[in-house]
Amino acid sequence: MKKNVLLALLAGMMVQLTVSCKTRIPADLTKANLIPKPVTVTATGSSFELNESTVVYVQEGSEELKQIGQLLADEIKAITDLTLKVQTTAQAPKRNGLFLTITPENTQIGTEGYDLMVTEDVVTLKANQSAGVFRGLQTIKQVLTFTNGADPKQQPVWLMATGNIVDYPEYAYRGAMLDVARHFFEVKDVKRLIDLLADYKINILHLHLSDDQGWRIEIKSWPKLTAIGGSTEVGGGEGGFYTQEQYKEIVQYAKERYITIIPEIDMPGHTNAALASYPELNCNNKAPKLYTGMKVGFSSLCTSKEITYKFVDDVIGEVAALTDGPYIHIGGDESHATKEKDYIKFMNRVQDIVKAHGKTMIGWDEVAHADIKPEAIIQYWAKSKNALLGVEKGAKVIMSPSKQAYLDMQYDSTTHLGLHWAGYVELDQAYNWDPANLVEGINKENVLGVESPLWSETVTNMDEIEYMVFPRIIGHAEIGWTAVENRSWEDYKVRLAKHGKRLKELGVNYYASPLIPWENEDATK
Ligand code: ACM
C-alpha cells in the first residue's frame, strides 16, 4: 500500500473516531412528554444531535415519502431554525441523518403505526405506509421539542433522546368536527385547524356544511343554496360559502396531512337555509325567511315530495364527487318537525342515494331508527338507546358524547364563549372516559372511534375556535390513539403542561385550565 493512501486511510479513521467518540448529552426518551402517549417507549439514555449538516434522507421510489421528508425539514426549520437538506437514497445512512422509509413488514403497527429508532448516529422512521411515516413525523417533532425542555432559541445544540418507539392507534377514526354553518370560517382558518389537528395524530375533519342558518358548499345544480342560503349566519352577519374549487383545496390540504374530510349535509331537519332558497322544497311551496337565531328542531324538508329526493340526489352526487374518503354524513339529528314515520321513509331513501353515489352513510344517533344497513355508521351524541339500536342493526359507532366530547360546551361557569346545556366540560371531564366503556352494551368492537364536535353558535373567529378546541382536543386525540390501560389523567396533565409553551409558540389561543400545572408561563386568559 502506498504511503499517501495509508495516510489518507488513517486520517479517515481519525475523523470517524472523533465523530463517534464525541460525548453525547444524556437524555431520557421516556420523558419526552409525548401526546398521544405511544404504545411502547424504550430509552437508551443518550442523544442524537441535530445540526446544520444533518440531512433528511428519504428512501427512493415514493413521491409521498419525498413530500413527508420536505414537510419534516420544514417543521424542523420552524422549531430549530436549522435548514436541512432533503435527499433520496437507496440505502440507510450511517450518520447524521434522519431516514424515512416504508418497509411493509410489521403487521403489529397497521396502516398508521410507525417504528422510530433514535441512535446517537441516525434517526430511522419506519412504517408500513406513508400515513404511518406522517404520524411518526409528529412524534419526531415532539421528541425534538421536549428532549431538553430548554428554551428553543437559546439552545446551543438540538437533541433527540435516543431509544425506540413502536406505536399505533387504538381506534381507526380520530376526528374533530367544525360547524361552518352557524358561523362561516374561511379556507385559511380550516387549513390552520387541519395543521393543528395533524400535530396530535387526528385523522378526520368532519365539516358541518349546512344548517338552518347557512348553506356553505356550492352546489352547481342548485345555485340558490349558496346565493340565498349562504348569505347570512347566526347574528345576521354576511355568512359565506366554499366554492367547489375552494372545497377541493381543503380536501387536498387535509389529504397531504393524512386527514380525511367528511362532509355533512344535515337533513331532513336543520334545513331552513335550503328551504329559504327553494320554495319547492317546502310542503306549502312557500319559502320561509332566512334564520339567524340559535333555536333547533323547527325545519324539515318536505319528505312526501319527489322533488325533495331529486334535490338530495343532486346534492349528494356533487358532494360525493368532491369527497375522497368513504363517508358522507347526512345529519338526521333533532328532526322534531318531521313525523317519525316520514323520517324513517326519508332516511331509508337517503341511505340508498348515498350508497348509489359510492359512499357510506354516517348519521347522528337518531338515524338508528331508520332501516339502516350494517355498514352504516352511527354518531352517538345524546341518546345511548339510539346508539344501542344502531349496534343491534350491525352499525359501528363514533363516540361523541356531548358531556365529554362537545367542544362548544363551556369549561366552567366563567367561560365567555360556548353553551352549557350538556354541562361544563373541564379538561379532566373531557379526558376521563373510555369510548369502549361509556355506554352499557357498546364495546370496543362496536366503536369505530371518537370525534369532538365544535358547534359554532357562539364561536365567530379563529381565535375563538382555538380557545374552545385547545387543549380539550389534545386529550381526545389521546383517547383515540392510546389504549385505555396506557393512560391516566395524573400522567396526562403533567405531559400536557409541557405542551403549553409549544402551543404558545404556534400562536394557539388555548384555554389555560387551572387544573394543569403549566410550566414557565402565565395563563393565556
Ligand atoms: C347535535 O348536537 N345536534 C348532533
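The values are calculated or read from the model by the stated rules, or taken from the named source; none is laboratory data. Owing to the predicted nature of the structure, the values given are computational and were not obtained by experimental measurement. With ideal geometry, Cβ positions are generated from the backbone for all residues, glycine too; neighbour counts draw on all protein chains shown.
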Checklist entry - Among the candidates 308, 323, 292, which residue alone is more than 19 Å from residue 457 (Cα to Cα) and part of a loop (DSSP other than H, G, I, E, B)? => result 323
Checklist entry - So, of the residues in segment 396-414 that are more than 14 Å from the ligand (Cβ to nearest atom) and without any contact (Cβ under 8 Å) to a residue 40 or more places away in the chain, which turns out to be farthest from residue 511 (Cα to Cα)? => result 413
Checklist entry - Within segment 136-154, how many residues turn out to be within 17 Å of residue 37 (Cβ to Cβ), modelled with pLDDT under 90 and polar (S, T, N, Q)? => result 2
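Would you mind finding the one in 262, 250 that is of a type outside the set (Asp, Glu), within 15 Å of the ligand (Cβ to nearest atom) and under 20 Å from residue 176 (Cα atoms)?
Numbers: 250 fails: within 15 Å of the ligand (Cβ to nearest atom).
Matching residue, one of 262, 250: 262.
In segment 426-476, which residue that is among the hydroxyl-bearing types (Ser, Thr, Tyr) and within 16 Å of the ligand (Cβ to nearest atom) is surrounded by the fewest Cβ atoms within 10 Å (Cβ to Cβ)? If you could, list the steps in order and put the result at the bottom.
Within segment 426-476, the first condition is being among the hydroxyl-bearing types (Ser, Thr, Tyr), and the residues that meet it are 431, 452, 456, 458, 460, 467.
Those still in the list that are within 16 Å of the ligand (Cβ to nearest atom) too: 452, 456, 458.
Numbers: 452: 28, 456: 27, 458: 19.
Once the filter is applied, the top-ranked residue is 458.
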Checklist entry - Of all residues in segment 252-277 being assigned to a strand (DSSP E or B) and charged (D, E, K, R), which is farthest from the chain's Cα centre (by Cα)? => result 266
Next on the checklist: Return the residues of segment 480-521 that are in contact with a Lys or Arg (Cβ under 8 Å, 6 or more places away or on another chain) and outside any loop (DSSP other than H, G, I, E, B); say none if nothing qualifies.
Outcome noted: 480, 481, 486, 491, 492, 495
Item to check | Hits in segment 28-83 (condition: in contact with a strand residue (DSSP E or B) (Cβ under 9 Å, 6 or more places away or on another chain), aliphatic (A, V, I, L, M) and part of a loop (DSSP other than H, G, I, E, B)) | outcome: 32, 34, 39, 82
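Within the group 238, 249, 318, 280, which residue is in a helix (DSSP H, G or I), more than 27 Å from the chain's Cα centre (by Cα) and among the charged types (D, E, K, R)?
Answer to the selection: 280.
Quick grid of which residues meet (1) buried (at least 22 other Cβ atoms within 10 Å of the Cβ); (2) within 26 Å of residue 433 (Cα to Cα):
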position	(1), (2)
328	yes, no
346	yes, no
355	no, no
362	yes, yes
370	yes, no
401	no, yes
406	yes, yes
Checklist outcome for this item: Apart from one, (1) closer than 27 Å to residue 137 by Cα; (2) hydroxyl-bearing (Ser, Thr, Tyr); (3) free of Cβ contacts under 8 Å to residues at least 40 places away in the same chain all hold for residue 260; the odd one out is (3)
Item to check | Count of residues meeting criterion [touching a helix residue (DSSP H, G or I) at 6+ places or on another chain (Cβ under 7 Å) and either of a type in the set (A, V, I, L, M) or away from the ligand (no atom under 11 Å from the Cβ) (or both)] in segment 324-336 | outcome: 3
Checklist outcome for this item: Picked from segment 273-311 (must be within 16 Å of the ligand (Cβ to nearest atom) and among the hydroxyl-bearing types (Ser, Thr, Tyr)), the residue nearest to residue 230 (Cα to Cα) is 291
Checklist entry - Is there any pair linking a residue in segment 111-125 that is at pLDDT below 95 and surrounded by fewer than 24 Cβ atoms within 10 Å (Cβ to Cβ) to one that is assigned to a loop (DSSP other than H, G, I, E, B) and β-branched (Val, Ile, Thr), with Cβ under 8 Å and at least six apart or on different chains, and which? => result none
Checklist entry - Can you name the condition, by its number, that residue 339 falls short on among (1) surrounded by fewer than 16 Cβ atoms within 10 Å (Cβ to Cβ); (2) more than 16 Å from the ligand (Cβ to nearest atom); (3) under 24 Å from residue 446 (Cβ atoms)? => result (3)
Next on the checklist: It is to be established whether one or more residues within segment 169-181 are among the basic types (Lys, Arg) and closer than 30 Å to residue 30 by Cα.
Outcome noted: yes
Item to check | Residues of segment 375-425 satisfying the condition of being among the acidic types (Asp, Glu) and more than 23 Å from the chain's Cα centre (by Cα) | outcome: 392, 412
Checklist entry - When only residues in segment 368-394 that are under 15 Å from residue 173 (Cα atoms) and touching a residue at least 40 places away in the same chain (Cβ under 8 Å) count, which is nearest to the ligand (Cβ to nearest atom)? => result 379
